[in-house]
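Taking it in order: structure first as structure tokens, then the write-up.
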Amino acid sequence: MGCGRTGSALASEFESRGHSVAVIDRVGDAFRRLPNDFQGQKITGIGFDRETLVSAGVEQAYAFAAVSSGDNSNILAARVVRETYGVDNVIARIADSGRAEVYRRLGIPTVAPVPWTSAQIVSRLLPGGVEESFTDTNAGVSVRRLAVNGAWVGRKITELETATGTRVAYIVRFGKALLPEPSTLLQSDDEAHFVIPADVASTAERVVSRAPGAQQ
């Protein structure tokens, strides 16, 4: 639901991966953002209206993304699709980060663009920044890039994992991803991306920012 820049990009991406896609927008002119070769359905209507949703194939849908410009419309549509039609894979874009957290706690997965964008900017501008690429709030785990103190260079990745209570999912070395093995040593300029349980997140950030063995 929503054929703005985000919605049209999602529709194109899903279709390029071989999925059947239906796009809903209350303004027919919005579909001009879709590529000329887009094969999916283009449905003009209100995204939380049941007739509109049925026309879009909600009864057979695997997933639903509510990414219109209105927070209220997005959360209402997400709830209707999940609670009325039983679609489990639902997500809503909520600009108000406070409200997004409330709905997340109620079981409606949300994306709050402003905090995510600001976090990305901070992580790139400030030393020791944290870049979060994935979070599963239900499972309490995230994938993050942590800035590792240079004193860890030459140490085994397993030492980092033991000290932080995390797992290193992958390392970016010379611009390419590397899946570490138990014998892998951290090299200078490596970017380490960690799988981090929520209950050790603050500890992990503190540990990697200091030299091995430093007082935690």
Pairs where the first residue, in segment 47-64, is at positive phi and the second is crowded, with 17+ Cβ neighbours inside 10 Å and not in a loop (DSSP other than H, G, I, E, B), C-beta under 9 Å, 6+ apart: GLY57/ALA22
Tally up the residues in segment 9-23 that are among the small types (Gly, Ala, Ser), in contact (Cβ under 8 Å) with a residue 12 or more places away in the chain and either part of a loop (DSSP other than H, G, I, E, B) or not assigned by TED's automatic domain parsing to the domain that holds ALA66 (or both), please. 1
Does any residue of segment 47-63 turn out to be under 26 Å from GLY140 (Cβ atoms) and either assigned to a loop (DSSP other than H, G, I, E, B) or not assigned by TED's automatic domain parsing to the domain that holds THR135 (or both)? yes
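Anything in segment 1-30 that is surrounded by fewer than 13 Cβ atoms within 10 Å (Cβ to Cβ) and hydrophobic (A, V, I, L, M, F, W, C)? List them, or say none.
Restricting attention to segment 1-30, the residues satisfying the condition of being surrounded by fewer than 13 Cβ atoms within 10 Å (Cβ to Cβ) are 5, 13, 16-19, 27-29.
Residue satisfying the conditions is VAL27 alone.
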Is at least one residue of segment 120-127 modelled with pLDDT under 90, under 30 Å from TYR103 (Cα atoms), of a type in the set (D, E, K, R) and within 21 Å of the chain's Cα centre (by Cα)? yes
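Looking only at segment 24-42, which residues are β-branched (Val, Ile, Thr) and either in a strand (DSSP E or B) or in contact with a Lys or Arg (Cβ under 8 Å, 6 or more places away or on another chain) (or both)?
Filtering segment 24-42 down to residues β-branched (Val, Ile, Thr) leaves 24, 27.
Matches in segment 24-42: ILE24 only.
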Can you report the number of residues in segment 55-70 which are loosely packed, with under 14 Cβ neighbours inside 10 Å and more than 19 Å from SER8 (Cβ to Cβ)? 3
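Can you tell me which of SER209, SER202, SER188 is over 14 Å from THR164 (Cβ atoms), out of contact with any Lys or Arg (no Cβ under 8 Å at 6 or more places or on another chain) and modelled with pLDDT under 90? Spell out how you get there, then give the answer.
Values: SER209 fails: over 14 Å from THR164 (Cβ atoms); SER202 fails: over 14 Å from THR164 (Cβ atoms).
Answer to the check: SER188.
Go through segment 71-99 and give me each residue that's modelled with pLDDT under 75 and either surrounded by 13 or more Cβ atoms within 10 Å (Cβ to Cβ) or in contact with a strand residue (DSSP E or B) (Cβ under 7 Å, 6 or more places away or on another chain) (or both). Break it down stepwise before answering.
As a first pass, look at segment 71-99 and keep what is modelled with pLDDT under 75: 97-98.
Answer for segment 71-99, where residues must be modelled with pLDDT under 75 and either surrounded by 13 or more Cβ atoms within 10 Å (Cβ to Cβ) or in contact with a strand residue (DSSP E or B) (Cβ under 7 Å, 6 or more places away or on another chain) (or both): just SER97.
Does ALA169 qualify as being within 20 Å of the chain's Cα centre (by Cα) and either surrounded by fewer than 15 Cβ atoms within 10 Å (Cβ to Cβ) or of a type in the set (S, T, N, Q) (or both)?
Numbers: within 20 Å of the chain's Cα centre (by Cα): yes; either surrounded by fewer than 15 Cβ atoms within 10 Å (Cβ to Cβ) or of a type in the set (S, T, N, Q) (or both): no.
The answer is no for ALA169.
Would you mention how many residues in segment 132-166 are hydrophobic (A, V, I, L, M, F, W, C), outside any loop (DSSP other than H, G, I, E, B) and surrounded by 14 or more Cβ atoms within 10 Å (Cβ to Cβ)? Outline the logic, then answer.
Here is the first cut: in segment 132-166, the residues hydrophobic (A, V, I, L, M, F, W, C) are 134, 139, 141, 143, 146-148, 151-153, 157, 160, 163.
Within this subset, residues satisfying the condition of being outside any loop (DSSP other than H, G, I, E, B) are 134, 141, 143, 146, 151-152, 157, 160, 163.
Then drop every residue that is not surrounded by 14 or more Cβ atoms within 10 Å (Cβ to Cβ), which leaves 141, 143, 146, 152, 157, 160, 163.
Total meeting the criteria: 7.
The values are calculated or read from the model by the stated rules, or taken from the named source; none is laboratory data. Please read these numbers as outputs of a predicted model, since none were measured by experiment. Positions of Cβ are backbone-derived with ideal geometry, glycine not excepted, and every protein chain shown enters the neighbour counts.
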